[in-house]
Amino acid sequence: MARRKREQMSEGKRNIIAGLLQEYDIKSAEDIQDALKDLLGDTIQQMLEAEMDNHLGYELYERSDSPNSRNGKKSKTIRSKYGEMDIDVPQDRESSFEPKIVKKRQKDISGIDDKIISMYAKGMTTRQISEQIEDIYGFEISEGMVSDITDRLLPEIEQWQQRPLETIYPIIYIDAVHFSVRDNNVIKKLAAYIILGISENGKKEVLSIQVGENESSKYWLSVLNELKNRGVKDILIICADGLTGIKESIGVAFPNTEYQRCIVHQVRNTLKYVADKDKKEFAEDLKKIYHAPSEETGLNRLEEVSEKWGEKYPNAMRSWQKNWDAISPIFKFSADVRKVIYTTNAIESLNSTYRRLNSQRSVFPSGTALLKSLYLATFEATKKWTNQLRNWGKVYGELSIMYEGRLPE
């Protein structure tokens, strides 16, 4: 029987392996086992500390009026499939702490270590993690305790947000997904701004996730400056909706970058003004505009569509006329490049993953809980991002000509 072809390694796995090689100086299969054992031991240790925080009701070094308190640690040797490892089990003065991740007198965890790693890798929601714990161990844990444990991911998220980026991205998309978040017992809408880059080799990469409330030139300038501080020196095209202040900020942070208004969003926003019975015909007329062979033809078709529907829907085409300078850059490109720029399939599929979070929970308890869920969902969704965009060689060649001298040959 023929051997199954090994799948190409994802960028996420490649980064993890590079970090392991650097941290542990791995030179043999035995070194790999030792590294995994060390990571597992650290994970269990952090979860034990979170359990103790939850048991006492306050964190280490935090003041409390509780009569119970921490009382040192007790060393314990446990066995896993990676071999034996030592952990320090936190103790309390009243001896009432009953650890659940590694129970008292439990010394063999060879059946749960893969489950622990899997929970973090799959990016489960709080409820899913709780259900998984109950499925593994046969007991329930509070959502507060699950939240304490998942908070251990925050340093990892911060490190991911600050990781170095490539020096140039031919195309970057910026899009927003809105979520309901509870803040001081008031439910409000927050936007999660997803910044997705297409690298020189035509592969997708989520560069950053920003959770914000108010858009402005100052806000977007800080976001773009953060990309510069992480190593980005040039961007050929930034494709985004009409985010407040984005055009002005691009002009300051990346003055040579072309701002392309997202056509998909432009069409959607236009059809909001149109009755359902007319939407199909109206959408076909809009397609004639952005499929035009040249800007001159596109502008003529814009006038025709505006004249046709102006009396019935006087506000529908106003945005096209007002933002034509940001819509029109697509006309200098071929159909292959246009498809990459204006369909934004790359980010739409990712957004569908984020929208499923809304279906799982209608309101997030905090902005931090939202950020954790977005990070874990991103990690899960991007594991299979191994292929180039379709026709990338042709797209790259055309971009190299259009933006001469800015892309490596």
*Test for Ser75: is it polar (S, T, N, Q), modelled with pLDDT of 80 or more and out of contact with any helix residue (DSSP H, G or I) (no Cβ under 9 Å at 6 or more places or on another chain)*: yes
Residue in region 297-312 that is in the same structural domain as Asn269 (by TED's automatic domain parsing), part of a helix (DSSP H, G or I), touching a Lys or Arg at 6+ places or on another chain (Cβ under 9 Å) and loosely packed, with under 14 Cβ neighbours inside 10 Å present | yes
Those residues of region 254-265 that are in contact (Cβ under 8 Å) with a residue 40 or more places away in the chain and over 25 Å from Lys287 (Cβ atoms) come to a total of 1
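Got a sec? Which of Gln266, Gln260, Gln210 is part of a strand (DSSP E or B) and either at pLDDT 95 or above or over 23 Å from Lys394 (Cβ atoms) (or both)? Steps first, answer last, please.
Values: Gln266 fails: part of a strand (DSSP E or B); Gln260 fails: either at pLDDT 95 or above or over 23 Å from Lys394 (Cβ atoms) (or both).
On inspection, the qualifying residue turns out to be Gln210.
How about region 344-399: which of its residues are charged (D, E, K, R), in a helix (DSSP H, G or I), under 25 Å from Ile238 (Cβ atoms) and touching a helix residue (DSSP H, G or I) at 6+ places or on another chain (Cβ under 9 Å)?
Taking region 344-399 and keeping what is charged (D, E, K, R), we get 348, 355-356, 361, 372, 380, 383-384, 390, 394, 398.
Now restrict to residues that are in a helix (DSSP H, G or I): 348, 355-356, 372, 380, 383-384, 394, 398.
Remaining after also requiring under 25 Å from Ile238 (Cβ atoms): 348, 355, 394, 398.
Residues satisfying the conditions are Glu348, Lys394, Glu398.
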The residue that is surrounded by the fewest Cβ atoms within 10 Å (Cβ to Cβ), considering only those in region 40-65 that are touching a Phe, Trp or Tyr at 6+ places or on another chain (Cβ under 7 Å) and in a helix (DSSP H, G or I), is His55
Trp324 fails exactly one of (1) among the hydrophobic types (A, V, I, L, M, F, W, C); (2) modelled with pLDDT of 80 or more; (3) buried (at least 19 other Cβ atoms within 10 Å of the Cβ), namely (3)
Residue pairs qualifying under the 7 Å Cβ cut-off, at least six apart or on distinct chains, with the first in region 157-186 being touching a residue at least 60 places away in the same chain (Cβ under 8 Å) and assigned by TED's automatic domain parsing to the domain that holds Ser366 and the second being of a type in the set (Ser, Thr, Tyr) and loosely packed, with under 12 Cβ neighbours inside 10 Å, are Ser180/Ser362
For the structure I just gave you, tell me whether Ala316 is crowded, with 16+ Cβ neighbours inside 10 Å and not in a helix (DSSP H, G or I). yes
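Taking Gly251 as the residue in question, decide whether it is free of Cβ contacts under 8 Å to residues at least 60 places away in the same chain, surrounded by 13 or more Cβ atoms within 10 Å (Cβ to Cβ) and touching a His at 6+ places or on another chain (Cβ under 9 Å). Steps first, answer last, please.
Details: free of Cβ contacts under 8 Å to residues at least 60 places away in the same chain: yes; surrounded by 13 or more Cβ atoms within 10 Å (Cβ to Cβ): yes; touching a His at 6+ places or on another chain (Cβ under 9 Å): no.
When the stated conditions are applied, Gly251 does not pass them.
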Being assigned by TED's automatic domain parsing to the domain that holds Ser306, closer than 19 Å to Arg301 by Cβ, basic (Lys, Arg) and out of contact with any strand residue (DSSP E or B) (no Cβ under 7 Å at 6 or more places or on another chain) narrows Lys218, Lys279, Lys228 down to just Lys279
Picked from region 9-39 (must be exposed (fewer than 12 other Cβ atoms within 10 Å of the Cβ) and not in a helix (DSSP H, G or I)), the residue modelled with the lowest pLDDT is Met9
Of the conditions (1) within 17 Å of Cys262 (Cα to Cα); (2) in contact with a Leu (Cβ under 9 Å, 6 or more places away or on another chain), the single one that Gly231 does not satisfy is (1)
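Of all residues in region 23-52, which are of a type in the set (D, E, K, R) and farther than 17 Å from Ile87 by Cα? If you could, list the steps in order and put the result at the bottom.
Within region 23-52, the subset of a type in the set (D, E, K, R) is 23, 25, 27, 30-31, 34, 37-38, 42, 49, 51.
Result: Glu23, Asp25, Lys27, Glu30, Asp31.
The values are calculated or read from the model by the stated rules, or taken from the named source; none is laboratory data. Keep in mind it's a predicted model, so treat the numbers as computed, not measured. Cβ: placed from backbone, ideal geometry, glycine included. Neighbour counts: every protein chain shown.
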